[in-house]
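Here is the structure we will look at.
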Amino acid sequence: MRGNNRKQFVIGFMIFFVIIAVTMGKAFIKQEKQAKIEKARYEKMVNEEGKYKLTKDVLEEDHDRYLEDAEEGEKIFKDLITAFAGAMILVLIYMFMNIFDFASIVPVKNKALVKAGALIILGVIVVFSANFFSEIFRVSKKSEGNKNAKYDFYELNVVSTHVETKTTTTGSGSDRRTTRTNYYYLDLEGNKEIKTNQMYYERAKDNPGLYYAGMTEKGALFSLYPATEFELVN
C-alpha cells in the first residue's frame, strides 16, 4: 500500500478513536450531572416536614426520567459501537489491501495462499458487520421493551447490599490494560437480589428495611425511597 493511502487509513482510525473518547467523556459528564440533580431532588424531599408522600405524579416523574436516561444510554451505546466497528472494519480493510499488495510481489506459486488469506479477512469483515447490525437490533428491541413495560411502586424488604467486581484484561506486554467494573445489588428477603446503580446502592447500604421502589414489571429499578422517610399514597 502506498504511503498516502496508509496515511489516510491512520487518519481515519484516529478519527474513530477521537469519536469514542469524546462520546465516553460526554457520557461520564452527563451521568455525574444527572446524579447531582437526583441527589438534590431526593434531599429536598427528605428535608420536608413529615414523611414525603409518594404519589402517582412522583412515579410518573421517576419513570419519565428513567426513559430519558435509557434513551440517552441507547444513543451513546450505538455511537460507541458504531465508532468501534468502523475502526475495526477500517483495520481489516487495511490488512485486506496490504495482502493484495503483497500478493503482487510474491512468487506465482504463493499467490493462491495469499489470496486465500485475503478472502478470510473479507469473510471476517462480513461476519463482524453482521454481528454489529445484530447487536444494534438487539439493543433497540430491548429499549422498545422497556418503554412498553408496565411500572409501579413496589415494596422491597432490603436486608443488605453487595458489590460484585469484574476484571477485564486486554492487550499484552506494555499495552496490557486492566479494567474493573462494579455491579451493585440490593439483597432482599428469600435470598433474592436486584441489580441497581451506585446511587441507590449507597442509599440502602447499612440501612436495611422497607423501601418503596419504582420498578417495571420486568424488574428494572428506576427509583428507591426508604419507608422511614416516605409514605406511599395510592
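The values are calculated or read from the model by the stated rules, or taken from the named source; none is laboratory data. None of these values were measured; they are calculated from a predicted model. Methodologically, a virtual Cβ is constructed for each residue, glycine included, from the backbone with ideal geometry; neighbour enumeration extends over all protein chains shown.
Does segment 43-59 contain at least one residue that is among the aliphatic types (A, V, I, L, M) and over 18 Å from Ala227 (Cα atoms)? Even if it seems obvious, please write down each step before you answer.
To start, the set of residues in segment 43-59 that are among the aliphatic types (A, V, I, L, M) comprises 45-46, 54, 58-59.
Now narrow it down to the ones that are over 18 Å from Ala227 (Cα atoms): none.
So far as segment 43-59 goes, no, none of its residues is among the aliphatic types (A, V, I, L, M) and over 18 Å from Ala227 (Cα atoms).
Scanning segment 186-202 for residues that are surrounded by 19 or more Cβ atoms within 10 Å (Cβ to Cβ) and either without any contact (Cβ under 8 Å) to a residue 24 or more places away in the chain or outside any strand (DSSP E or B) (or both) returns Tyr200, Tyr201.
Across segment 171-224, which residue is modelled with the highest pLDDT among those that are basic (Lys, Arg) and in contact with a helix residue (DSSP H, G or I) (Cβ under 9 Å, 6 or more places away or on another chain)? First the steps, then the outcome.
Taking segment 171-224 as the starting set, the residues that turn out to be basic (Lys, Arg) are 176-177, 180, 192, 195, 203, 205, 218.
Narrowing the set further to residues that are in contact with a helix residue (DSSP H, G or I) (Cβ under 9 Å, 6 or more places away or on another chain) leaves 203, 218.
Details: Arg203: 94, Lys218: 84.
Out of the qualifying residues, it is Arg203.
Here Arg6 meets each of (1) of a type in the set (Lys, Arg); (2) modelled with pLDDT of 80 or more; (3) surrounded by 13 or more Cβ atoms within 10 Å (Cβ to Cβ) with one exception, condition (2). When each of Ile20, Ile93 is tested for being part of a helix (DSSP H, G or I), over 19 Å from the mean Cα position of the chain (by Cα) and surrounded by 15 or more Cβ atoms within 10 Å (Cβ to Cβ), the lone residue that passes is Ile93.
Are any residues in segment 36-76 aromatic (Phe, Trp, Tyr) and not in a helix (DSSP H, G or I), and if so, which ones? The answer is Tyr52, and nothing else. Restricting attention to segment 204-224, does a residue exist that is surrounded by 19 or more Cβ atoms within 10 Å (Cβ to Cβ), without any contact (Cβ under 8 Å) to a residue 60 or more places away in the chain and outside any strand (DSSP E or B)? Yes: one or more hits.
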